[in-house]
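The values are calculated or read from the model by the stated rules, or taken from the named source; none is laboratory data. Owing to the predicted nature of the structure, the values given are computational and were not obtained by experimental measurement. Counting neighbours? That spans all protein chains shown, and the Cβs are built from the backbone with ideal geometry, glycine included.
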Amino acid sequence: MMHAKGIFQRRALLAAAGLLCAAPTAVMAQSLRAMRAQEAQEEALQREAAFTEQLCGISLQASINWRSFSDWPEGANVAKACDRGLSDIETRCRKGAAPRVSRFVCTGDGSGANYSGATMTYGASSR
């Protein structure tokens with residue numbers, strides 16, 4: 001009887017160890033998936049920024065402040081939301097009043113466009 005109890009305890013211990021080993025793998029896979037999604041969003045924003053550069057005749061460094069998007073719904077199209085800020089620059093260019101910006105930073109705080117020196121910070125909204 002003692003022997004059967006020892007085998008059961010060993011199996012339970014091995015099963016628990018297996019679960020602990022599998023958990024980081026799932027988290028890593030999720031993180032890799034999130035990193036790939038962010039890369040795709042960054043690439044989309046760069047394409048949109050290239051259009052803005054061409055339209056306005058400017059050189060623009062565009063970036064996304066990912067920490068500010070932590071409360072956004074998973075799978076949200078961040079690049080599309082950020083493109084609204086680039087549209088603000090494009091509208092000014094079309095009106096003949098091209099802003100003197102060389103840096104575009106998109107945040108997820110919903111604050112809209114803010115110009116400071118050569119930097120435009122655009123607070124995108126998830127709505």
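For region 74-102, a tally of residues being within 18 Å of ALA44 (Cα to Cα) and assigned to a helix (DSSP H, G or I) returns 13. Can you tell me which residue within region 54-73, out of those that are more than 22 Å from the chain's Cα centre (by Cα) and not in a loop (DSSP other than H, G, I, E, B), is surrounded by the most Cβ atoms within 10 Å (Cβ to Cβ)? Once the filter is applied, the top-ranked residue is CYS56. Candidates in region 34-52 are the residues that are small (Gly, Ala, Ser) and closer than 13 Å to VAL78 by Cα; of these, the one that is surrounded by the most Cβ atoms within 10 Å (Cβ to Cβ) is ALA44. Could you tell me whether any residue of region 87-98 is at pLDDT below 85, surrounded by 12 or more Cβ atoms within 10 Å (Cβ to Cβ) and in contact with a helix residue (DSSP H, G or I) (Cβ under 9 Å, 6 or more places away or on another chain)? Among the residues of region 87-98, at least one is at pLDDT below 85, surrounded by 12 or more Cβ atoms within 10 Å (Cβ to Cβ) and in contact with a helix residue (DSSP H, G or I) (Cβ under 9 Å, 6 or more places away or on another chain), which makes the answer yes.
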